Amino acid sequence: MGDRVDLRGTLTLRGNEPFTYPVVSDGKQMWQLVGVDHATAGRLQNRVVHVTGRVAETAGPSRLPALQVDSVTATDEGTAR
């Protein structure tokens with residue numbers, strides 16, 4: 001595994017059902033989240049979240065940098081606009 005990453009950004013789901021995957025954008029870079037279950041991703045979709053984890057191998061066809069997630073929580077900022 002790679003370097004530790006600590007980021008805040010908006011969680012969205014990309015792709016088409018049933019092949020969606022969560023991503024977080026901090027306004028500068030977009031990360032694909034690895035290890036977040038579908039129910040959690042759906043609950044946090046379009047919310048500002050705090051994510052910690054480690055840089056992982058690029059996951060799947062998205063070619064986005066991937067983050068193996070240790071934790072993901074909604075922040076006090078609520079829903080992103």
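The values are calculated or read from the model by the stated rules, or taken from the named source; none is laboratory data. Keep in mind it's a predicted model, so treat the numbers as computed, not measured. We place every Cβ from the backbone using ideal geometry, glycine too, and count neighbours over all the protein chains shown. SASA here: full protein model, heavy atoms, side chains in, ligands and nucleic acids out. Shrake-Rupley method; radii C 1.70, N 1.55, O 1.52, S 1.80 Å.
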Report summary line: Per its Cα gyration tensor (rounded if a/c is under 1.5, else prolate when a/b beats b/c, else oblate), region 9-68 is best filed as rounded
Query raised in the report: Probe 1.4 Å, all protein chains in place: accessible area of Arg8 in Å², nearest 10?
Result: 130
Report summary line: Residue-ordered couplings for region 2-7, obtained by feeding phi - 60° into the Karplus form 6.51 cos²θ - 1.76 cosθ + 1.60 and rounding to whole Hz (Gly and Pro as x), are x, 5, 6, 10, 10, 9
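Provide the packing ranking of 50-58, 35-43, i.e. peptides ordered by the mean count of other C-beta atoms within 10 Å per residue, highest first.
For the peptides 50-58, 35-43, the packing ranking is 50-58, 35-43.
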Query raised in the report: How large is ³J(HN,Hα) for each residue in region 14-31, as worked out from phi by the Karplus curve 6.51 cos²θ - 1.76 cosθ + 1.60 (θ = phi - 60°), to whole Hz, x for Gly and Pro?
Result: 10, x, 10, 4, x, 9, 8, 8, x, 10, 10, 10, 9, x, 10, 9, 10, 10
Query raised in the report: Measuring with a 1.4 Å probe in the full set of protein chains, what accessible area per residue, in whole Å², belongs to the chain?
Result: 62
Report summary line: Summing +1 per Lys or Arg and -1 per Asp or Glu among the other residues with Cβ less than 11 Å from Met30's Cβ gives +2
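Quote the relative contact order of the chain in percent (integer), defining contacts as alpha-carbon pairs under 8 Å separated by 6+ residues.
Relative contact order of the chain: 33 percent.
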Query raised in the report: Given a 1.4 Å probe and every protein chain left where it sits, what share in percent of the accessible area of the chain is carbon and sulfur?
Result: 46
Query raised in the report: Which cross-chain or sequence-distant (5 or more) residues have an amide H under 5 Å from the amide H of Asp70, H modelled 1.01 Å from N in plane?
Result: Thr52, Gly53, Arg54
Report summary line: Only helices counted: for the chain, with every DSSP H run of 4 or more residues adding -39500 (n - 2.57) and the sum spread over all residues, [θ] at 222 nm is -2000 deg cm²/dmol
